[in-house]
Each structure stands twice: as structure tokens, then as C-alpha cells.
1. How many times 2.2 N^0.38 Å is the alpha carbon radius of gyration of the range 80-178?
2. Ignoring ligands, DNA and RNA, what percent of the 1.4 Å accessible area of the range 1-98 is carbon and sulfur?
3. Which order do the peptides 98-107, 43-52 come out in when sorted by mean C-beta neighbours inside 10 angstrom, highest first?
4. Return the subset of Lys46/Lys586; Lys503/Lys643; Lys60/Lys552; Lys61/Lys503; Lys46/Lys693; Lys503/Lys549 for which the Cα-Cα distance in this structure is over 32 Å, preserving the input order.
5. Over the range 564-643, calculate the relative contact order: mean separation of alpha carbon pairs under 8 Å at least 6 apart, over the residue count, as a percent.
6. Rounded to the nearest 20 Debye, what is the dipole magnitude of the range 1-98 about its Cα centre when Lys and Arg each give +1 and Asp and Glu each give -1 at the C-beta?
7. With r as the distance between the Cβ atoms of Arg585 and Arg701 and R0 = 35 Å, compute the FRET efficiency 1/(1 + (r/R0)^6) and round to 0.05.
8. Filter the cross-link list Lys646/Lys732; Lys637/Lys732; Lys599/Lys646; Lys637/Lys692 down to pairs whose alpha-carbon distance in this structure exceeds 27 Å.
Amino acid sequence: ALPGHLLRGLLPLLTVFRLERAEGAARRAGLSTQPIWRKLWDDVMKTRPPNSENITCWRKKFLETFFSNVLHGVLDVSSDWRLNDHHFSPLLHSSPHVSQLTLCNMLQGAVELTAEHNQKVLENLAGSLRILKFQHLLSSDQSIRHSLVLLLHRLIHHGSVSQVSMYSWPVPDTVLLVLILSMSAGFWRSGNALVYHSSPCGLCREEDKAQGQESAQERAERGCSDEGEWSNGENQKRSPRALEEANAEENGCGADNHLNSVLSGLRSPPLRNQSCSEASSKVHCDHTDIQGGSSRCISDQLSRHPVLRKTRRRLKSAVGKKRRCLRRSRGPYADPEDLYDFVFTVAREHNSGLLDKNSAIEGENAENWASFSPGSPCTGRAGCKKRGGSAGIFPLKAAHRFRSVSTLELFSIPLTGETCRTLSNLLSSWVSLENLVLSYNGLGANIFCILSGLRALARHSDCHLRVVRVSDVFSHMPCMELVRCILGAFPQLHTLSVSFDLKNQLEGNRPEGNPSCSEAEIPESCLEQLEIRFPREPLHTAFLLPVLKASKSLQQLSLDSVTLPCSQELGLLLEALRECNPNLRKLSFHDVNLAEHQKEVLLLLQDPILQEITFSFCRLFESSTTAFLSEIINTMKRNSSLKSLKLPGNRLGNHRLVALADIFSEDSCSCLCQLDVSSNCIKPDGLLEFTKKLEGHIQQRGGQTQFTHLRLFQNWLDQDAETAQEALRRLKAVCSVVNDSWDSSQAFADYISVM
């Protein structure tokens, strides 16, 4: 144990390996290693991390990024003496600090992590990793997909990964996409037949052994004398592999390798640490009648897989039988393409008895196809009924499932009709799912298929879904109708975000004789945050009013790119918010023309409940007078509840910014903490004048102020660098300033080029 002053001088001279080992001693001596890790970042990474002001632990940030860079081969450990230590194993020693990891391109990282020499690294990741991301993926061969299966099985099914996110996959490999989605949902193609380093998964074997011991103990305690009853119980408790072998021997016949692996995947046992046990409720088909559409579904799927063609006749003739004859798999593991058939074949195999029982209900659902509304079957137009109804949501009994993730995010990944139907089937029983984000997936009419899966999920009493975010270029239904559809099915949602760029020209062509979502009653909800980006749709408060009335707990409301059809519409909205949402704390308008709504703007600024107001690119001062600015300042000075005011993109300019400093004058009651004046054509001399005036007001108040944050992104501060630096230096003595090095001349050139 070194004295503190010696340790302080020694720490900067240590390698990463030694510095990591000295962390405990430094903490006991009251020393912080954060500056050293920050300097390591600057010297080794040579980049400025995004949101650097929010980084609380530079040690974790460095080691996590270091792990990723070494894994993907973009960092040479011999490039810096602090990394070049023969005791230091880069992946092994940094892996315990990795909470999120991104795999990209040809999944080289997955291959490396599942290599035998990195087994300990994978074990560390299973305990530390929470977020797994995939970005810019390319098509892969079977060996790479096998490595991915091993990785996902260990990190999700037997690990701690709770979020899977996929980004920017312009032409997704369907097999690979379905593989990731299915394993994220807790399904796995070959159950306990998984090969891990040429042997079955050890954790699965331990689970089987524990279950076998538990079942033996239960039988001993029960002391059942009925041999037939004991035998039945034993079959139910035996491991999936043993049960499969017994069934195969008893029936004396078999199915092909693909079908065998798919079915054994469903019989795999649940993990002890699974956060949400799988419900055994019966989810009936919302899309097609059983006698017609679903049989064509199976036929279509089998026809696309030559290995399964041989079983087509047996599949058709054996529907309704309680037991399927299985043939032993010819290899230790099957082709990952089996997962692609999972959602189309599994439920029919395992729920043939349920299908007959529910056929009348499902036939009725098929007839009522044309619209989706809360409490009734989803019956979208084209999204789910294509190709003879091949993707109806079959009952996924699946009593035994692996652990699944709670967050799924898909960004800029085109989803075909078939992939949407697969995702819909997975969603229908994904009870552990808490957050779902579908962003720019080109859903189109397939939005109804996704809604159908969500509606089936809503029937589960243990459904945990709390956050839904849907965004796309084109809307296939009005925004408010989609909001009411989702909220009607999930009144327990806390956050709902619906965003579309453009309106689909075919949006209004709804089938005749079917009720619209906008006509259905919305139950009282738990909604706290609602975000709607309209594709230039007019705001009709009458359509939004039922949602506001049902959302008594609403705290945040954001309206984006909406048009105001008449001058009274905004006033009606504000009146509705006062009456229906007494808990509203944050209100945001983006790209909404408020130039002619000065009265309503002032009413909002004097609201005694709101704590944060955003007017982003709302053209507030486009045609305003000096009197309007004075009224805003005086209103703000009397409001002690408002903590944050965001005014980006409203053409403040220098003189209006300087005037805003009076909000903090000595006679002001304002408690404003945050001010955002980004993108407001502010020049260095105007910022300096604002700073001097602000300093004077604070001095008059005895140096006391609650103002803590100022945002200055994308202003014209590059026009006089010396003046800008002086203004920023003086401002930072008063509050935290966030700005950027923005090239205003280039931005202006870009603006001119697109005019």
C-alpha cells in the first residue's frame, strides 16, 4: 500500500493492465482515475465520443470501446506502450466492462467470440452484456450463421442481454434476419441438440439434469402407486432429447431433419432465470380460415424447402393427430434455415387439437378481415392476407421457451410481407417484450399484420409491453387512427410514438362496411408520453380528444409537422389539455407554423403546470412585433413553474437573444434552468452582448441564479472566432454551455443548393 501522494504520481505511468488492478487501491486512497482514463481515450481513440458531457465513467467507456475496436481489428495494441503488456489479454480483461456490443458486416466478431480460445471471454460477456446491436450486416454462409447461433444462445438464452437492435440493412438476408428475431424471442431451432465446441450446450445439460432430479423428487414425495399415471408424468418431466427419442422409438417412423430440429426447439426447457414465464393461453388465427388458408400456408412453405417436400403429404394427412412420427436427425445440428419454417409449421404440429376447437372462431375472424380495432380481430387489407393467408398467427403453445429479450429495435431494415408475418407470429406470444421500436421498415399495408401480432400479445395477462415506437416514410393509415388502434389494445402502455414523413395516396381506401379504429372507444390508459409526427395532416382536436380523455396520466405530449386548419384549433387543443391532462409537464411543437398564434403561445408560457415547453422551428418571430417579444419576456418573468424553454430554429437573431436575458433580471420570479437557442442565426457579437447582460442581472441578484444550461448548436459563431471564444469563456463561468464547431458558410451553401 503506497501513500496517497506517491500513488497519485504513479498512476499515470501504469499500463492499462496495471491501472485496472490499481483501481481499488486508488479508490481507498480517495484518488480518482477518471482523468487518466480520459487522457487514455484522447491518446488512443483520438475521437470525441458522442454525448461526452454525459459520460460518468471514463474507465468503462474506454474499456468497452477498446474491446469493440480490438474485436473488429481496428485497433493495434502495439500502437501505445500502455496497451502493450504481456500480462494483458485485450479481450479477456476488458470484457467484464462491456455492457453493449455492436456486430457488423460479415459477423466476424461472432466467429471470433465463439472460438474455443475465447470461451472465457464469452462467459464474461454473458454476465456483463445488456445491449447487442447489429449494423450493416451482409449475407453469411452456414458456418457463420452457426457461430451466430452459438453466440445468441449463450448471450440471450443463458446470458443477460435484454436488448437487441438492428440498424441499416438495406437488403436483409431473410434467413439471418429470422434467425436473430426468433432467438431474440426465446425460440431456438434445435433445443438441447445445440453443439457447443463439439458437445451439447453444458448449461442446457445442467438444466435437464436439474429438471430430472426435481421430477424424481416430486414423484418420490407424491408416492403415486398408479404405474400408468407415473409413466405419463415421467414423459412430461423428461428432457426434450429423451422425450424425442422415446417418441421416435414408439412411433417407428420419422420426419425430415429440418422439421425434427424445429419441433425439438419448441420442446426445449425453460430457463430458471427467465423473467417472464410463457403463457399457455390459446392465441387463435386472426388472418385465415383453418381449412383453406393455413393449409396453403404450409404447402407454400414446404415447396420452398426441398428437404421438407418429402414430408408434405404426411403433414397434410396428419393434421389433427396428437403425435407426430419423428425420425432421428442425421446430424448433431440442423440448417439454420429451419427457423424460417418455425412460425408456419410448429404451431400446427403442436396445436392440431386446438385448431379444430377454434376453427369456428378463426373462420369468423377471416370473414371480418378488413379493419383492426381494439377488442376485435385484426383484419387488415393486404398486409396479412397475401399469398393465400400463409402467415396467420397460429396458436404458439410453446410451453417451454428460453429466455427472451425485453427490447427489440429495428432501424432502416425493409420488412417484406413474409418477414412481417414472421415477426407478427413471434410478437403474438412475446410476453417479456417491454419496448418495441420499428423505424423506417417500409411496412406499408403490412402494418396491419404487425398490429395483429400486437393484438394477440395483448390477450396475454402477463404481457409486459410498455413502449411502442413506429416510424416510417409513408403512412398507410391516418396517424390518429393508428394511435387509437395501439392504445385501445394496450391501455397499459407508458410511451407511444407514431411518426410518418409522407401520406400514402391510397390511405383513404378502406374496405366498405367495416368499423374504423377512430370509432372505437378507448379504455382508460396508463399513457405518460405521447409523440405524434403527422405527415402534414391537419390537426383535428376532435380526433385527439378521446385519446387525451383516456390518458389522465399523460405527462409529455409532442406534436410534429401538423398543420392547423383554422385559427381556433390550437385554442381548442389547449383547452382540452387543461381539462383532461392535469399532470402534463412537457409540451412540444416541432415544425408547426405558430406565426399567427401569438395569443395561444402566451397562454402556454403562463401555464402554471407545464415545466418544459418546446417551440422548435415554429416560425414564432416570422411576422412578430417588438411588443410580442416583450410580452413573452414579461410572461416568463411571472412564471415560476417553467424550468426549460427550447426555441431552436425560430429566427431569434442577435437583438432578440439579448432581450431574452431580461428573463433573469432582479425583479423576475422565473426559475428557468435551461434555454435552447440553437439554429437561430446568432452571431458572436450578439452572444457576447447577451453574456454581459446576463452577468449584470446575476450580479444584481447577489450572484444567485438557477440558470444552468444553454444550448447553442448551429449558430453563426464561426464568423468571429475570437469574440465567440470570449463569450463562451464568460458564459461557462455562469452555466453549462453546449455548442458545436458548425460551418455556417457551408450550411448556407447547402441551403441555397436545394432551394
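1. Normalised Rg, Cα atoms only: 1.12.
2. Of the solvent-accessible surface of the range 1-98, carbon and sulfur hold 54 percent.
3. My ranking of the peptides, most packed first, is 98-107, 43-52.
4. Lys46/Lys586; Lys503/Lys643; Lys60/Lys552; Lys61/Lys503; Lys46/Lys693
5. Numbers: 91 pairs, mean separation 27.0, N = 80.
This gives 34 percent for the range 564-643.
6. The calculation lands at about 340 debye.
7. Result of the calculation: an efficiency of 0.85.
8. Check vs 27 Å cut-off fails for no pair.
The values are calculated or read from the model by the stated rules, or taken from the named source; none is laboratory data. Every value quoted in this text rests on a predicted model; they were computed, and no experiment measured them. All Cβ positions, even for glycine, are placed from backbone atoms using ideal geometry, and neighbour counts span all protein chains on display. To get the accessible areas, we keep the full protein, side chains included, count just its heavy atoms, and leave off ligands, DNA and RNA. Shrake-Rupley method; radii C 1.70, N 1.55, O 1.52, S 1.80 Å.
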